[in-house]
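Below is the structure I would like to discuss, written out as structure tokens.
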Amino acid sequence: MTSPIETEGGGASAVVSGALPPAPGTQAVELAGRSPGRLMWLRFRRDRTGVICAVVVIGYFVVALLAPLLAKLPGTDPYTLYGQDPTYADHPVLDEFGLPLGYLGGVSGEHWFGVEPQYGRDLFAMLLYGMRTSLYMALGITVLIMFTGVVIGLVGGYFGGRTDYWIGRGTDFFLSFPQQLFFIAFMPVVTSFFVDPREETPTYFRAVAMLIVLWLLGWMGMARLVRSTVLSLREREFVEAARVSGASPWRIVRKEILPNVVTPILVQFTYQLPSTILSIAFLSFAGVGFVEPTPDWGRLFAAGARYAEQDPAFMFFPGVALVIFVLCFNLLGDSVRDAFDPKSGR
């Protein structure tokens, strides 16, 4: 006759062999003590690609922040015309045709990335300052876009009805604008309202105009994403329980709904920032963004397009820097999404 111990499978072997099972509740307590944020961080740390990309992205922002100090290492700046300033006549960087002397666009101990044809400006300093202009402006615009989209999406998704209807129609109205063409057409209109066409437009005003245009035409995707998420959350049991208990709509949104939309917000942020950088670069490339002598990533590409035949190396360093940043930020977004996803195999 089979004993009861033998019929209990794996548990029987533990009893028969004398091995003691773990203390009751030890593993459960360990898992219960980890917050969702802690679990996300543990999953993210196991993703080597995500960690490497995060280090690269942070490194870009640090380099951009320290641009004035790093440019002093070779003793250059982005504004001096080393090919035309008589002060540097003893160290010529351009030939009689205005092309850089030396290899790879004039790379040397003084000009690490070479110089700009015709003018002789240092490309290393221009790239550092251009990264600072593009990255931190894109960061500010992206934060505004995220904040606006989250607020509008929360209001429309939670209250529904006529509020959601009119917010949806307003979103559709802004989505009807062809963004790239509107960027080019609207920038001169904005500046002409406040600056005399006979005067030079200040750099700060160009930055404000780009911020307004990119902000007004960039929040709709975030708003729709948050709205769709809130629509599925507002009928859940925990929201109904909070509503029955007498919690105010503001408290329900802040305590019950908002924590559950953090994941899509963070993931969308990692995709929105590189997209905003490319939009800023596009405006400068098209001639309606930053102009001379303000260093900017897009302006470097515009200059590189002019010098492509005479000095193709001028496009190399700015192009590689932009490709690496956008690629790493997109891969970082994938890693963040997988870290928040409990069903992910990573």
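The values are calculated or read from the model by the stated rules, or taken from the named source; none is laboratory data. All values reported here derive from a predicted model rather than from experimental measurement. FYI the Cβ positions are ideal-geometry reconstructions off the backbone, even for glycines, and counts take in every protein chain you see. Surface areas here come from the heavy atoms of the whole protein model, side chains and all, with no ligands, DNA or RNA. Shrake-Rupley method; radii C 1.70, N 1.55, O 1.52, S 1.80 Å.
Angle, helix 220-233 long axis vs. longest principal axis of the chain, Cα atoms, 0 to 90°, nearest 10?
With both axes taken from Cα atoms, the answer is about 0 degrees.
Please give the helix 316-340 orientation as an angle from the longest Cα principal axis of the chain, in degrees from 0 to 90, rounded to the nearest 10.
10 degrees
To the nearest 20 debye, what charge dipole does the stretch 61-118 have about its Cα centre, counting +1 at the Cβ of each Lys and Arg and -1 at the Cβ of each Asp and Glu?
The dipole magnitude comes to about 260 debye.
Test of understanding: express the Cα radius of gyration of the stretch 271-346 as a ratio to 2.2 N^0.38 Å, with N the residue count.
1.43
What order, most packed first, do the peptides 152-164, 218-230 have when packing is the mean number of other Cβ atoms within 10 Å of each residue? Intermediate results must be reported in sequence, preceding the final value.
Working: 152-164: 17.8, 218-230: 21.3.
Per-residue mean Cβ counts within 10 Å order the peptides as 218-230, 152-164.
Now a separate question. Using a probe radius of 1.4 Å on heavy atoms only, what accessible surface per residue do you get for the chain? Whole Å² is fine. Let's see the in-between values first.
On the way: 19220 Å² over 346 residues.
Dividing the accessible area of the chain by its residue count gives 56 Å².
Can I ask one more? Per-residue ellipticity at 222 nm for the chain, helices alone: DSSP H runs ≥ 4 residues times -39500 (n - 2.57), over residue total, nearest 500 deg cm²/dmol?
Taking each H run of at least 4 residues, the total per residue is -20000 deg cm²/dmol.
Now, a different point. Hey, got the dipole for the chain? About the Cα centre, +1 on K and R Cβ, -1 on D and E Cβ, debye to the nearest 20? Intermediate values should be presented prior to the final figure.
Values: 26 positive and 28 negative charges, 336 e Å.
With only Lys, Arg, Asp and Glu charged at Cβ, the dipole is about 1620 debye.
Residue 65 versus residue 309, label points 7 Å from Cα toward the beta carbon: distance in nm?
Spacing of the two 7 Å Cα→Cβ label points: 4.5 nm.
Counting pairs of alpha carbon atoms under 8 Å apart in space and at least six apart in sequence, what relative contact order in percent does the chain give?
RCO, the chain: 22 percent.
Could you point to the residue in 142, 265, 250 farthest towards the positive end of the stretch 125-275's charge dipole, with +1 and -1 charges on the Cβ of Lys/Arg and Asp/Glu respectively?
The Cα lying farthest towards the positive end belongs to 250.
Another question, then. For the stretch 240-346, which whole percent of the accessible surface, found with a 1.4 angstrom probe, sits on carbon and sulfur atoms? Show your work: numbers first, answer last.
Details: 3240 of 5020 Å².
Roughly 65 percent of what the probe reaches on the stretch 240-346 is carbon or sulfur.
State the percentage of accessible surface on the stretch 52-93 attributable to carbon and sulfur atoms; use a 1.4 Å probe and exclude ligands, DNA and RNA. Please report the intermediate quantities before stating the final value.
Working: 1750 of 2510 Å².
C and S atoms contribute 70 percent here.
Right, something else. When the Cα centres of the stretch 57-115 and the stretch 185-249 are compared, how far apart do they sit, in Å?
Cα centroid to Cα centroid, the span is 39 Å.
Next up: Using a ≥ b ≥ c from the Cα gyration tensor of the chain (square roots of the eigenvalues), is it rounded, prolate or oblate, where a/c under 1.5 gives rounded and otherwise the larger of a/b and b/c decides, a/b for prolate? Working shown, then result.
Numbers: a/c = 3.67, a/b = 1.64, b/c = 2.23.
Because a/c hits 1.5 or more and a/b fails to exceed b/c, the chain counts as oblate.
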